[in-house]
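The values are calculated or read from the model by the stated rules, or taken from the named source; none is laboratory data. Everything numeric here is computed off the predicted structure, so don't read it as measured data. Note that we place each Cβ from the backbone using ideal geometry, even for glycine, and neighbour counts take in every protein chain shown. Note: accessible area is taken over every heavy atom of the protein model, side chains too, but ligands, DNA and RNA are not part of it. Shrake-Rupley method; radii C 1.70, N 1.55, O 1.52, S 1.80 Å.
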Amino acid sequence: MKKLEHIPLNGELPSPKGVALAILELCRRDDTTTAQVAHIAQTDPALASRLIRQANTVGQGAGRPVASVTDAILRLGMGTVRNLAMGFSLVDQYQNGPCEGFDYQAFWSHSLLMALAAQTFCTMANVGSSEELFACGLLSQVGRLSLATVYPAAYAQLLKNPEPTRSLAALEHEHLQTDHNELTAALLTEWGIPGALVEPIYHHENPESAGFSAGSRPHQLTHLLYLARRVADLGLAAEAEHSGRTAELLLLGSKIGLSAEELGTTIDELVRRWREWGELLRVPASALPSFAQMSTPHALRPEERSSAGALRVLLVDDDPTTRCIMETVLRDALGHSVVCARTGSEALALAVEAQPQIVITDWLMPGLSGLELTRALRATEWGQTIYLIMLTSLDTEEEVSEAFEAGVDDFLAKPVNLRTLRARLRAAWHYVQLLEAWERDRAQLKQFAAELAISNRRLEHAAMTDLLTGLPNRRAGMAALTKAWAASQRFEQPLSVLVLDIDHFKRVNDTHGHAVGDKVLTEVAQEIHRAARKNDSVCRMGGEEFLMICQNTDLKAALFAADRLRRTIEAMTIEAGGVKIRSSVSIGVASREARMADSDAMINAADRALYRAKESGRNRSCIIVQGQLRCMP
C-alpha cells in the first residue's frame, strides 16, 4: 500500500474541519487527557449527541447508559472518538459536491449501513472492537469521495462510461493513476487509523486475493467487512435484485454461523438502526421489506412459464437473415422461448433482464465480439451457470482453444444443421436439468445447515444452563464474570459480586427429601433472578450456592443489594410436599480492587466473606474491604 505522498494527486483531498480537526490534532499528542477531548467535543452539540449515542450502542450490557460526553469518551476510547469525529465531519461537509456523476447521498447512505453492519457482525464474531469497526465501515470507501473531490470532471466521465468486464478500481488506475482502495488506505493511515484495520479495509472488496492466513484476525476482519459491504449493497439495490443479493448473504452469513432466521433478524434490525442513524446524520435510508420477503423468489409470469423440455434462449447474431432463421427454428420447430440481440452489448443488457439458460452467439460481431461477450458473462456469478454455444465458421485449433478458455461450452458450425442444433440443445437441456437438481440439493443443504446451526445453538444453550433452576450454570457464570471483569477494567467502572448460599439446606434434604429440596432451590433461584437488575448476571455455581455479578456497582451499593435480597428470601414461605418451609441465605460480597490480579481473586474474597457470614450465625451479609472482613448484623 502506498503512502499518501507517493500518490499523484492534483487537488485538495477531503479532510476533517473545525471540532473534528481539533480532536484529531489533540489525539496526536501523547499527553492529551480525556477532559481536554471532552471539552472540545462539547462545543459541537451534534457531535456530542452522536458520540453519546454510539457509546450507549456499543456499551449495551457493560453498565448503565452514559449521559455525558466525558463518559462517552471513556467508554469508546480516544482513538475511536477521533475516528468517529472524522467520519461525522466528512458526512456533514460532503452532502453534495462538484462531481455530477457521483451520488453523494447514496454514497453516505451505503457507508452508514456498512458501518452499522460491520459493527454488528464484529460483535457477533467477537473479532476486534465493535466501536472501531463502525468508524472503519463509515470510512471504508472514502477514496471514492476523494477521487470525486480531486477529479470531479474526469471521475464523472469515468462513472458515466463503465466497462462491464473491468472493475471500477482498474478503470480508476488506468485513467487517474490511482484507485479508491489505494487512496482510502493512504488517507486512513494519514489520519492515524492502525495498520491492523487499514489492511483489511484495503482488501475487503476482494477478500480472496488478500493472502491473509485462514482464521487469522486480518482474514476474519476482511471477510466481515466484505459481508457488511454486501449488506449495504442490498440496502441500495433495486427491488428486482433483492432475491439474488439475499441468496448471497445467506451463504456469507452461514460462514460465520448464522442461520437464515438469525441473519434475517439481524439485517432487519440493521435496517431499523440505519433509518434512525440516517435521520441523525441527515442521510437517506430506505424503508426495505423484511429480509424474509426479499429472499422469497418471484414467481415466473404466465408468459415466462414453458413446457418441461423448453429452454430460455438468448440468440445473438448481427446477420438479420441468420438471426431470423435461427429464431424461427428455435421457437417454432423446437418449442423454446427465444430473445434476440443484434450486438454483444445489447445481448449483455438483455441477459441481465431475461436471465437465459442458454446463450447462442456468433463469434465475429461489430463492437463486443462473441468471445468478449462470453468473458463478460462468465465474470458474473449468474453468468457462470449459463450454457454457452458459439456460432462460427472458424475452426483452427488455436481459436477453438481460446474459445474454450474464455468459457464457451459448445460449438455450432455455420451454416447450422437442424439435426446438429437439436443434438446440441439436447446436451444443453441435460446440463440445465443437472444444474436445477444441484440448485435444489444446495437449497436442501442450506436448510440442513440452518437447522444444524439452530440445533448447535440449542445444545450450546443447554450446556450453559442449569437444568433444575433454569439459571445459567457455573460455566456460563464464569464466562460472564470474565467478560464483566474485562469491561470493568477497560471502562474503569466498579464491579462487585455476591456469593449466596442457602442456610441449612442439607437439613431440608434430610428432613423432607430431595424433591422438596429441589423445590426450595428453584424458588430461591427465581427470587434471586427477580431481584437482579437489568445488567446483573445470576448463575447457579453448584449445590445450594449462587453467584450474582453486579456491573458498574461499588461495594456500598452491592452490600445494600445483598442485604435487601437476604431480607426478601428470609420473608419467603415455600410450600412443597404439603409442608411450609422458611429459608434464609448467607451472602459474601466483594468488589474489584487494584491489588486483585484477576476475577478469581475477587471470587475468592467473596467466598471468604461468605464463610465468615456462616461462622457468624448465618442469615447475614459480609464484605471484604482491603482484606478486612466485616459483617452486617
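Below are the figures for this structure:
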{"quantity": "Whole-Hz couplings from phi, Karplus 6.51/-1.76/1.60, listed for the stretch 467-484; x for Gly and Pro", "calculated": "5, 6, 8, x, 7, x, 8, 4, 4, 5, x, 5, 5, 5, 5, 4, 5, 5"}
{"quantity": "Restricting the stretch 517-578 to trypsin sites (Lys or Arg not before Pro) in coil, as DSSP defines it, with at most 15 other Cβ within 10 Å", "calculated": "Arg533, Lys534"}
{"quantity": "Set of aspartates and glutamates near Lys160 by C-alpha distance (under 18 Å), chain-local residues within fewer than 8 positions excluded", "calculated": "Glu100, Asp103, Glu172, Glu174, Asp179, Glu346"}
{"quantity": "Cut-off under 5 Å, modelled amide H: who pairs with Thr465 long-range", "calculated": "Asn473"}
{"quantity": "Degrees, to the nearest 10: 344-354 long Cα axis against longest axis of the chain", "calculated": "50"}
{"quantity": "Listed residues Gly215, Cys340, Met326: farthest to the positive end of the dipole of the chain (Cβ charges)", "calculated": "Gly215"}
{"quantity": "Disulfide-incompatible cysteines by the Cβ rule (no partner under 4.7 Å) in the chain", "calculated": "Cys27, Cys99, Cys122, Cys136, Cys324, Cys340, Cys539, Cys550"}
{"quantity": "Rounded to 10°, Cα long-axis angle of helix 104-125 versus longest principal axis of the chain", "calculated": "50"}
{"quantity": "0 to 90° range, to nearest 10: angle between helix 18-27 axis and the chain longest Cα axis", "calculated": "60"}
{"quantity": "Nearby aspartates and glutamates by direct alpha-carbon distance to Lys580 (threshold 15 angstrom, same-chain neighbours under 8 apart not counted)", "calculated": "Asp518, Glu523, Glu570"}
{"quantity": "Cβ crowding within 10 Å averaged over residues, with 37-46, 227-236 ranked highest first", "calculated": "227-236, 37-46"}
{"quantity": "Between the stretch 414-468 and the stretch 134-183, the Cα center-to-center distance that results, in Å", "calculated": "37"}
{"quantity": "Stretchable slack from Asp510 to Ala46, in nm (0.36 nm times residue separation minus alpha-carbon distance)", "calculated": "160.5 nm"}
{"quantity": "The stretch 475-563: GluC sites (Glu not before Pro) in DSSP loop, at most 13 other beta carbons within 10 Å", "calculated": "Glu492"}
{"quantity": "Principal axis dimensions, the chain - Cα atoms, whole angstrom, descending", "calculated": "105, 64, 39"}
{"quantity": "Accessible surface of the chain, 1.4 Å probe, proportion on carbon and sulfur as whole %", "calculated": "52"}
{"quantity": "Flagged links, alpha-carbon separation over 18 Å, of Lys483/Lys614; Lys506/Lys614; Lys483/Lys534; Lys519/Lys614", "calculated": "Lys483/Lys614; Lys519/Lys614"}
{"quantity": "Inter-centroid distance (Cα atoms) of the stretch 258-297 relative to the stretch 81-104, Å", "calculated": "23"}
